[in-house]
Ligand SMILES: *Cc1c(COP(=O)(O)O)cnc(C)c1O
C-alpha cells in the first residue's frame, strides 16, 4: 500500500515514449542508445526501460544494472558506458553479451588476456578535448590495431563525448580533431548526447546516445523543454499538510532565514531534502500550489518545505503542490537552485513512492 504521506513521483510513461520518438526523428536513420544510467535518471531503470522499449540499445554504468535489464527481458544491446573496472567483470560481460566501452590502456590489456565464449562488441572511446575518459587521438591507429587483433573483439565502434554541446563552446573544435584522426577509416561512430542530437543532428552517425531529453528536460540553459517539444517524464507532487499565519516580523523554518514583511499565510509541504529536494533551494524557488505559481520560503528541512500562499488565498491543508514536472519545468527549478535538471532528477530518494500514469 502506498504511504498516506502525500508525496509522490508520478511517472509519465507516454512522455518518455514520445520523447524517444522525437529523438528518433532527430537522429534520422541512426540507431539510438537510450541512456538509463543513474537508475534511469532517477525514474527507475526498469520503469524507464519499459517506456523506452523502442530504443535500439540501453546504456548503464554498472554490471548490476545490466543484470536487472537482462533479467527484465531486454535482449538488445546494453552499453557499459565506462566499460569494466576490473578483469573479474569480463566473464559476466561475455555471458550477458554487453556492448562495452574501452577507454584505457589497462582495459585493453585485460581484454588481451581474456578468452570469451563469444565476441564482445566494443566502443573504443577517444578523448577529443573533454579530458576525462578516452585514449589520446594520437593512439587511435595503434588502439584500433590492438582491438582488431583481440580474440574477444566483436564489432568495433569509435566513440567520443562532447564537453560543450549545450553551450557556446559547441562541438566543432572536438569534431574537427576526431574527423582528422579518423580519416580514411570506415568504422561506425558514436558521438552525440542529447544536446548534440538536438543542436547538431548530423552528429547522430551510427549510434546516438540521448539521455536527459528522453526524460523531458532541456539540456540547454536558454531553451525550455517545451520549446523543444519534450514532455516531462516525472512530476514530483505533494500537498500542504499545514498552514501557518505569520505576523509581520515572524520567521519560518530553521535559522529563521525568512522574515515575514507583512501578515501572511505560509503553507507547509510534505517534501524535504531527504526526498531529494535540494536543501540549497533559496527563498523564491518556484513551486505550484493548486496549479498557481508561488515560491518557497526559508530553509528546506529534511521532510518539509515552506511556501508562500499569497498567490493562492484559497489554498489550505490538502491543496496539491507540484515541486517540478507537469506545469513547472524541472530545469527552471534547477536553475533557481543553481544546478541542472539532471541533479534534481537523479536525487529523487528511494523513499518517494512512484505512481504510473
Ligand atoms: C550520460 C551520457 C550520455 C547522455 O547525456 P545527456 O546529456 O543526458 O544526453 C551520453 N554519453 C555518455 C558517454 C554519457 O555518459
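Observations
- Matching residues in region 34-51 - criterion: being away from the ligand (no atom under 13 Å from the Cβ), over 22 Å from residue 275 (Cβ atoms) and either buried (at least 19 other Cβ atoms within 10 Å of the Cβ) or within 13 Å of the chain's Cα centre (by Cα) (or both): 49, 51
- Scanning region 125-181 for residues that are within 12 Å of the ligand (Cβ to nearest atom) and closer than 20 Å to residue 94 by Cα yields a total of 1.
- Condition check for residue 192: within 15 Å of the ligand (Cβ to nearest atom), under 30 Å from residue 235 (Cα atoms) and part of a loop (DSSP other than H, G, I, E, B): yes
- Each residue in region 286-299 was checked for being crowded, with 18+ Cβ neighbours inside 10 Å and part of a loop (DSSP other than H, G, I, E, B), and 3 pass.
- Filter result for residue 283 (surrounded by 15 or more Cβ atoms within 10 Å (Cβ to Cβ), in contact (Cβ under 8 Å) with a residue 40 or more places away in the chain and under 24 Å from residue 349 (Cβ atoms)): no
- Within region 209-218, one or more residues are within 13 Å of the ligand (Cβ to nearest atom), outside any helix (DSSP H, G or I) and either without any contact (Cβ under 8 Å) to a residue 24 or more places away in the chain or in contact with a strand residue (DSSP E or B) (Cβ under 6 Å, 6 or more places away or on another chain) (or both).
- Residue 48 within 29 Å of residue 322 (Cβ to Cβ), out of contact with any helix residue (DSSP H, G or I) (no Cβ under 9 Å at 6 or more places or on another chain) and in a helix (DSSP H, G or I): no
- Counting only strands (runs of 3 or more DSSP E) that sit wholly inside region 300-357, not one has at least 1 residues that are within 30 Å of residue 50 (Cα to Cα) and within 16 Å of the ligand (Cβ to nearest atom).
All of the numbers you see were taken from the coordinates with simple rules; none came from a lab. What you are looking at is a predicted structure, and each value in this text was computed from that prediction instead of being measured. Because the Cβ atoms are built from the backbone with ideal geometry, glycine has one as well, and the counts that use them run over all protein chains shown.
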